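See structure below.
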Amino acid sequence: MQKIFTNFLKGILILAPMLVTGWVIFTVFTRIDGLLGIPIPGLGFALTILFIIGVGFLASNIFFERLFNYMERVLTRLPVVKLLYFSIKDLIGAFVGEKKMFNRPVMVSMGHPLGHLPAQESAAASDIKMLGFVTSDTLELLPEAGDRVAVYMPQSYNMGGYLMLVPRDRIAPLAHVDSAKLLAFIVSGGVAKGPA
């Protein structure tokens, strides 16, 4: 009975990610096709991708660039829309834009400042570290923050995270680490292949 149960769990571990991924892809395809009223599966999805690429292509044209800038100026006058639009734009730009923000990975010491452990404490007791990304070196908005930097700490298995104001002497840059791999490592809870 124990062997049957073990094999059942192994089967779930193998099938669940494949089935959930397949279900998400199928749902996205059918929803987009349903919205466009197209009976050919996947055609609506392909047209949506082509439309997005087309908008990106047009954005490099001077006329359309001015049109997009005008539309953004209009959005800045609408309080709630402005907050949502520019927050989403900045977040997406931080990952894939020209001004990528998550490209400075760091390890943050949550105990004592790096290299400043009291002699009576063991390194194991106060050497807890978190992984994150420096998003701002200067905090003009918060002068009372002192000599701190803004570090974004993504959460595992979640699309959220925390913005922490960390003393400079508690961060260690990880210059040799690929940012995308580190982000995947953090979001997967350490399950994805590490940053090496």
- Hey, can you grab everything whose amide H is under 5 Å from the amide H of R104? Only 5+ residues off in sequence or another chain; H modelled, so Pro and N-termini drop out. V134
- Reachable aspartates and glutamates from K89, criterion Cα separation under 19 angstrom, eight or more residues apart if same chain: E65, E72, E98
- Task: Could you look at region 139-181 and say what percent of its accessible area is carbon and sulfur, using a 1.4 Å probe and all protein chains?
- Result: 60 percent
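The values are calculated or read from the model by the stated rules, or taken from the named source; none is laboratory data. A quick note: this is a predicted structure, and the numbers were derived from the prediction, not measured. Accessible surface areas use protein heavy atoms only, side chains included; no ligands, DNA or RNA. Shrake-Rupley method; radii C 1.70, N 1.55, O 1.52, S 1.80 Å.
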